[in-house]
1. What number, rounded to the nearest 500 deg cm²/dmol, is the helix-based mean residue ellipticity at 222 nm of chain A, given -39500 (n - 2.57) per DSSP H run of at least four residues and division by all its residues?
2. Please compute the contact order of the range B:318-398 in relative form: average sequence separation of alpha-carbon pairs under 8 Å and at least six residues apart, divided by the residue count, as a percent.
3. What is the distance in Å between the Cα centroid of the range B:181-240 and that of the range B:316-337?
4. Gap in Å between the Cα centre of the range A:187-210 and the Cα centre of the range A:126-179?
5. Pick out, in residue order, every one of the trypsin sites (Lys or Arg not before Pro) in the range B:370-417 that is DSSP loop and has at most 13 other C-beta atoms within 10 Å; say none if there are none.
6. Specify the inter-centroid distance of the range B:41-64 and the range A:61-115, based on alpha-carbon positions, in whole Å.
7. Cut-off is 10 Å between beta-carbons; in what order do A:Met258, A:Met193 appear when sorted fewest neighbours first?
8. Restricting to the range A:2-96, compute how many DSSP beta bridges are antiparallel as a %, nearest 5.
Amino acid sequence: MFGRKKRRLDPLIRQLMEWVGETNVLYRREDLVAYECDGFTLKKGEARAVVFPADTREVAAVVRLLHRENVPFIARGAGTGLSGGATPLGGEVIISLVKMKKLLRVDLDNRIAVVQPGFVNLKLTQSIADRGYYYAPDPSSQYACTIGGNVAENAGGAHCLKYGVTTNHILGAEVVLPDGEVIRIGDEGIPDMPGYDLLGLLTGSEGTLGIVTEITVRILKAPQGKQTLLAYFDDVEEASRAVSDIISAGILPAALEMMDRTAIEAVESANFPVGHPLDIEALLLVEVDGIEAGLKSQVEDITELCRRRNVREVKTARDEKEAAAWWANRKTGFGAMGAISPDYLVQDGVIPRSTLPEVLGKIREISRDTGLRIANIFHAGDGNLHPLILFDERKPGEKERALEAGSRCLKVCAEVGGTITGEHGVGIEKREEMRFVFTKEEIAAQIRLRDVFNPGNLLNPGKGFPQPGRCAEVKQEIKERRMAEG
Amino acid sequence: MTAMALNDLLPAERISRSESSNPLGNSGDWIAQPRTENEIADLLRHADEKGWKVTVTGGGSKRGYGGLRERYDMMLSLADLRGVVEHRRGDMTVTVRAGTPIRELADHLAEHGQRLPCDPRWPGTATIGGVVAANETGPRRLAFGAPRDFVLGLRVICPDGRILRTGGKVVKNVAGYDMNKLFVGSMGTLGVMSEITVKLRPLPPDQCLMYLTFPEGSEADIEPFLRLLRSSTLEPFALEVLNPVLAEKTAGVNRYTLAVAFEDRSEAVDDQVKWVRDHLPEGIGMEMRRGEEALRCWEAWAELGPRGPEVPDTDSPAAAAKIGLRSTETVSFIREATEKASDRGLEVFAHGGAGHGIARIWLRGTREAVLPYLAELRSVVEERRGFLVADHLPFEWRKRLDVWGNRTIPFGLMKRIKDSCDPNRTLNDQRFVGGI
């Protein structure tokens, strides 16, 4: 009976099973549902199968097979991405790297660690914290997201202002190219290997140039001291100007975060309230770190700069516990929107810091025009905005209005000399918005680069770039939606 | 190729016939000095169509760095393409033309309390374009990172004359591929950068540079202290091991020396200096330069090695190399490099970053003495999975020693990148790894 069942299987599934074992392939419709999207849930598709390779050899074998059979495929980590980079468009085989989750080596003297792609971001810091070290990139999803996924997306986090994003912390990688060839780049963690910066090109390529199967990262010594401040403002513009003042004064905080009134309402209604006043217009969460002796005067300077911008109250965290509570309140901010809205869409524009007041004003206009509330939680020090557009998918037309509002926010960012994504990636979501920042020729140049690595475009097709047949696709989508809605 | 053709593209006074020859090679039959991006585009398009070979130069400090052609048809000099385009002080970013010398940019930024986080060699000559094209760094890389870390955006002219923008002007950006990485460190083989946008850092409120001199200079002598320092929570900006002849030049002591630098608020600098004093083993000499004095030491340091524009001594020309290693191997490497040189009757200047793993050496000597030395050193380094790139050699020598080394790298992919960006091999042909 088993034999007969197997014989009816899609021959490709059978071949995949031969490489990774029967239990490591999902192919039944009900098993594939969990893989129909990532953290960007507004677009879904059905994969042909999901495979769970155990090592590089299996990844390479699977890729060679799919390449030979001309079947598209996607690498996937924890699926926490926010732009649909790991979402199938239909018919792809998903190569899940969650079983490749080992910490392979830590070399504290040379300050490097070698991990498999499925190793969870936060676990790295947890594994070395007792010896006083940590891994700097800290996306809000760090308790779940994998370092492989971080490389694909060039993930950021709250502490990029001082410490940089993922690309600044990746020193080497083993990579399976889309035809199954395995290459190693900078594998001993030695920088500046002769040749083009393949590692830099792969990082942030949203899984379209290669699949990383081993990653060498830089680890840092935890700072000697840390001070965390909260500043409450009655005026968003004053808060924005305080941000610029702090940076202009030559202070380089480890993090400089801002939340507006709507965002504060949400975090205070959610799981980690810390008692922020609900009648303020904005708060700044500032962290300075480094040599203990130098922190006191930095805290004083920041406090004074906030006072000059008519801050209502500035306070310094009494201890690590209080600072941790403030951070938990901030880091769970996106999810907290669930407490005040059935659905939300998060955007990820970046602007020159100095244009913050102007841009926040324009986002308020977009909110008025579309009739949707927009909360702002963002990395103010980097100028990386996260407008959270609140909507109710059950109300007809709201989802579309939310998407439109999101796109308009990005347009505003592009118009002031910024960009459409600072850390979430283009994925499916922002493919068309690429045109806000790049010319046709510049997009073509990027696609030519993709063709060098991924000539058949089998690896994660349809992501990251505007679609040529966009008009037809939109019409089709509208038609499908109408049919679904009956 | 004729001057006639070029005359249509540039005013006559900005086209010149080049000198007959230069021992460093990488010369051009004609030198063109464009002042605008469009002029560069016209020149390149023309060259690409006619099958001319073009080399690109800024201050000329890297003339001896790579290249298997003595001459190109045209040398594109960006020396006239200079100046700040836009300095957004509040955003801590600056957009600058590629031919701007590093010092000119640094002076401008310093007036506003800011700096480029980069301390490359010969800042008066080297241009931002050259530093970015070579991904050049200095001793303070430990805190600064490299150009690949601070370049935010570029304007690039492709060999066929297309002008592309890569990256952007903001400090975080993941829209599309990180195309900046294609050009940073690519030795001008894929496109000509005309404008560069970089992330800036504030000037430090205070700084110091400590020279710690070790009588033995052995690993056993230096390593324990270094390990203690590395595992501390101190935040050194530089942690360079110097061999005795270099230490004599910089610190005035003919001993293996560890240069440790701190930059921070005064209280924090004081605190770290105190830590070093408290933990310094007995018998170790210490000299300290503070504030302006430290700054002047760094300035002097940057001028030490050989550079392109100098007419080389033909009997005993200069050679230099950049070495990449695991940082824990720095001390042993500096010692080995010094001893192996002395075995051959050569005198080498050497320093290496015990926190970042990039070392530099330079020396003078005959070809017969220097090339075997570099080859021997390279085999030592490559055995440890590092690399040695000879980044300053006379042209004739480069034909005998592969400047880029023997490490197996994913060359096929790199070749395809070159073919995709510059199919006619117009730009800096054979200047880069594997003859790219």
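1. Numbers: 18 runs with 178 residues, N = 486.
Value at 222 nm, helices only: -10500 deg cm²/dmol.
2. Working: 136 pairs, mean separation 35.2, N = 81.
Rounded, it is 43 percent for the range B:318-398.
3. Rounded to whole Å, the Cα centres lie 15 Å apart.
4. Each part reduced to its Cα centre gives a spacing of 14 Å.
5. On the way: sites: B:Arg378, B:Arg384, B:Arg385, B:Arg398, B:Lys399, B:Arg400, B:Arg407, B:Lys415, B:Arg416; in loops: B:Arg384, B:Arg385, B:Lys399, B:Arg400, B:Arg407.
For trypsin sites (Lys or Arg not before Pro) across the range B:370-417 that sit outside H, G, I, E and B with at most 13 neighbouring Cβ atoms in 10 Å, the list reads B:Lys399, B:Arg400.
6. Distance between centres, Cα-based: 41 Å.
7. Details: A:Met258 28, A:Met193 25.
Exposure proxy ranking, most exposed first: A:Met193, A:Met258.
8. Details: 2 of 9 bridges.
Taking every DSSP beta bridge within the range A:2-96, about 20 percent pair in antiparallel fashion.
Quick note: the coordinates plus some simple rules give every number you see, no bench work behind them. Just so it is clear, the structure is predicted and the values come from calculations on it, not from any experiment. Glycine also receives a Cβ, built like all others from the backbone with ideal geometry; neighbour counts cover every protein chain displayed.
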